[in-house]
1. Here are the criteria: (1) over 21 Å from ILE360 (Cα atoms); (2) surrounded by fewer than 13 Cβ atoms within 10 Å (Cβ to Cβ). Tell me which single one PHE430 does not satisfy.
2. Scan segment 201-213 and give yes if some residue there is more than 11 Å from the ligand (Cβ to nearest atom) and within 14 Å of the chain's Cα centre (by Cα), otherwise no.
3. Please go through (1) away from the ligand (no atom under 13 Å from the Cβ); (2) assigned to a strand (DSSP E or B); (3) out of contact with any Ser or Thr (no Cβ under 6 Å at 6 or more places or on another chain); (4) closer than 27 Å to PHE312 by Cα for LEU198 and return the number of the only condition it doesn't satisfy.
4. If a residue must be free of Cβ contacts under 8 Å to residues at least 60 places away in the same chain and of a type outside the set (Val, Ile, Thr), how many such residues does segment 379-407 contain?
5. List every residue pair whose Cβ atoms sit under 7 Å apart, with the two residues 6 or more apart in sequence or on different chains, where the first one lies in segment 306-323 and is within 14 Å of VAL99 (Cα to Cα) and the second, anywhere, is charged (D, E, K, R) and surrounded by fewer than 21 Cβ atoms within 10 Å (Cβ to Cβ).
6. What is the one condition in (1) assigned to a helix (DSSP H, G or I); (2) within 13 Å of the ligand (Cβ to nearest atom) that THR173 does not satisfy?
7. Considering only segment 56-98, how many residues are of a type in the set (Ser, Thr, Tyr), away from the ligand (no atom under 16 Å from the Cβ) and assigned to a helix (DSSP H, G or I)?
8. Quick one: how many residues across segment 220-241 are crowded, with 24+ Cβ neighbours inside 10 Å, out of contact with any strand residue (DSSP E or B) (no Cβ under 6 Å at 6 or more places or on another chain) and farther than 18 Å from THR55 by Cα?
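Computed from the coordinates by the stated procedures, all read-outs in this text should not be read as laboratory data. Predicted model only: the values in this text are computed from it and were never measured. With ideal geometry, Cβ positions are generated from the backbone for all residues, glycine too; neighbour counts draw on all protein chains shown.
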Amino acid sequence: MRMYDIILKKRNGESLSKEEISYFVREYTEGSIPDYQASALLMAIYFQKMNKEETVYLTEAMMKSGEIINLSSINGIKVDKHSTGGVGDKTTIALGPIVAACGVPVAKMSGRGLGHTGGTIDKLEAIPGFSVEMSQATFINNVNRIKLAVAGQTGNLVPADKNLYALRDVTATVDNISLIASSIMSKKLASGADAILLDVKTGDGAFMKEIDESFLLAKEMVDIGNNMNKDTIAVVTDMNQPLGYAIGNSLEVKEAIRLLKGEGPEDLKALCHFLGAYMLLLANKVNTESEGIQMVQQVIESGKAFEMLIKFIEQQGGDTAYVEDLSSLPQAEEILILKSEKKGYIHKIQADTVGLSALILGAGRDTKDSDIDLSVGIVLNKKVGDYVETDDILAYIHCNDIKKGEVSINQLREAYTIEENPLNVRPLIFGVVD
Ligand code: URA
């Protein structure tokens, strides 16, 4: 088989066979295919697309490129939840304890973030002492003991994706449905869960900007999961403005913990209740969405979800005093204020621009080796649909470097559109694909 022929075939719009796709993934991962040929194939896939069969073959080949985790020694149905990525998305931090408190095992492998804020692991590391480094045996024991553990992704989980994703990032080939679906699903399938819940974000702050495209991505991933005998459901949710009010690692942890105490922003609450309900449905713990929502609300109101958080933090070496007293978590030295320059209704808080403003402060990584400042970030004071007077506070900028704070605030100002007329705020949840 020759890589040249595979590129030519895809360039001409033909479908690739399972053998051709496996050859490409295997040889590229082993370093036998150079980046320039892999880039050419990615660009051909980008323009000519892949059909469903090809996407399944690609997912399977990527999944098999490294270790496949076996979680069968954990009792019960393990449900994994994945978000396609958004600004201020701290749902995983809240959902782990919620779902575990409902009696469903949560064995979560998570990554570090690249981009506007850290990933779940970076955020949890804002709690002093908390660690995700553990052997697979400890990970499994921990889940069997308290029903919840979060571990860092092992280096050998889907190595094909590490190389391909880095290449896609620099060749403008990220936003292709088959490439995104196979990248995400190969990692989910290799992580060993029995069922998968996908939160597919749609809007300015998401990979998929248009609702129709987001549903197509959701359907593609659900089909892949079901094809591989894993119960998979996707929920398409809004990312046209940040989720909740906090953006930045320590700030997001605080918001997620407040949610577990029954407080917290309405949109974050509604989304966690909904996603939690679908995780319980996938685990056969409840029979309907409303039963699931009720169970989620009960474990929050009874304090069981918060108790689970404490056990979880303790189990992973974190100091729970910081969780009991949120003001002791990492705090930035300065807080700058962004004020409204006019009165009216907020029509837009462009999520990707807010993400960029947080990145400028140091909340995220420019490259995978950049350091991250856990204490900095942005706290919104108003959301889309709110009315503001001139000089009302739109957002707080938590920074450790005034210069960066000033650059960030100028960027953040651009995120807002304020108009005289009120508006109908678009829904948070667009639909479920199963
Ligand atoms: N997240 C992933 O893991 N892969 C993609 O391609 C896009 C988002």
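1. Looking at each condition in turn, PHE430 falls short on (2).
2. Yes - at least one qualifying residue is present in segment 201-213.
3. (1)
4. Selection size over segment 379-407: 12.
5. PHE306/LYS261
6. Here THR173 meets the rest and fails (1).
7. Start the filter on segment 56-98 by keeping residues that are of a type in the set (Ser, Thr, Tyr), which leaves 57, 59, 65, 72-73, 83-84, 91-92.
Checking which are away from the ligand (no atom under 16 Å from the Cβ) leaves us with 57, 72-73.
Then drop every residue that is not assigned to a helix (DSSP H, G or I), which leaves 57.
Total satisfying the criteria: 1.
8. Residues that pass the stated criteria total 1.
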